[in-house]
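Before any comments, here is the structure.
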Amino acid sequence: QVQLVESGGGLVQAGDSLRLSCAASGRTFSTYAMGWFRQAPGREREFVSAINWSGGTKYYADSVQGRFTISRDNAKNTVYLRMNSLKPDDTAVYYCAANSNRIPRLVSLAQYWGQGTQVTVSS
């Protein structure tokens, strides 16, 4: 089992950048594929980005492609989401997710969730 704790959210203006972090407990972090999802008020949770265990394979939602970058540091048990050129539409609670067997590109593929971190982008 793995426990996930997100951090790095906040209130920013359109065009600004943020870096989210997700710290994982346990010695087997390097064997988990990781993902980021987000949920805006009144909307379903949606996929943002995912990365395989080694960091060699990455996926992005079309809405963030070219603006967001996912990465991981297995020595630090941490996965990151660098968000550039933020837009008001990026406002949501961002969640970190983990899967021990498959890359979590769907909500249904997330085995473990963090508690989320709020990102608010003002226009």
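The values are calculated or read from the model by the stated rules, or taken from the named source; none is laboratory data. If you're wondering where the values come from, they're calculated on a predicted model, not measured in any experiment. Heads up, the Cβs are rebuilt from the backbone with ideal geometry, glycines too, and the neighbour counts pull from every protein chain shown. Side chains are part of the model used for accessible areas, which takes the heavy atoms of the whole protein and leaves out ligands, DNA and RNA. Shrake-Rupley method; radii C 1.70, N 1.55, O 1.52, S 1.80 Å.
Couple of notes before you dig in:
- Candidates are the residues of the stretch 101-123 that are open to solvent by less than 90 Å² (accessible area, probe 1.4 Å) and part of a loop (DSSP other than H, G, I, E, B); the one that is farthest from Met34 (Cα to Cα) is Gly116.
- Positions within the stretch 22-45 being more than 12 Å from the chain's Cα centre (by Cα) and within 23 Å of Gly56 (Cα to Cα), in sequence order: Ala24, Ser25, Gly26, Arg27, Thr28, Phe29, Ser30, Thr31, Tyr32
- Set side by side, the residues Thr28, Thr78 differ, and just one is among the β-branched types (Val, Ile, Thr) and modelled with pLDDT under 95, which is Thr28.
- Output for the stretch 1-20, where each listed residue is in a strand (DSSP E or B), touching a Lys or Arg at 6+ places or on another chain (Cβ under 9 Å) and open to solvent by less than 60 Å² (accessible area, probe 1.4 Å): Leu18, Leu20
- When Gly42, Gly56 are checked against the criterion of being open to solvent by 50 Å² or more (accessible area, probe 1.4 Å), under 17 Å from Ile103 (Cα atoms) and not in a strand (DSSP E or B), a single residue qualifies: Gly56.
- Test result for Arg72, in contact with a Gly (Cβ under 6 Å, 6 or more places away or on another chain) and open to solvent by 20 Å² or more (accessible area, probe 1.4 Å): yes
- Search result, residues across the stretch 45-88 that are among the small types (Gly, Ala, Ser), farther than 19 Å from Val2 by Cα and free of Cβ contacts under 8 Å to residues at least 24 places away in the same chain: Gly56, Ala61, Gly66
- Residues being open to solvent by less than 50 Å² (accessible area, probe 1.4 Å) and either assigned to a strand (DSSP E or B) or touching a Pro at 6+ places or on another chain (Cβ under 6 Å) (or both) - total across the stretch 30-39: 6
- Selection within the stretch 75-100: residues that are open to solvent by less than 30 Å² (accessible area, probe 1.4 Å) and aliphatic (A, V, I, L, M). The member of this set that is farthest from Met34 (Cα to Cα) is Leu86.
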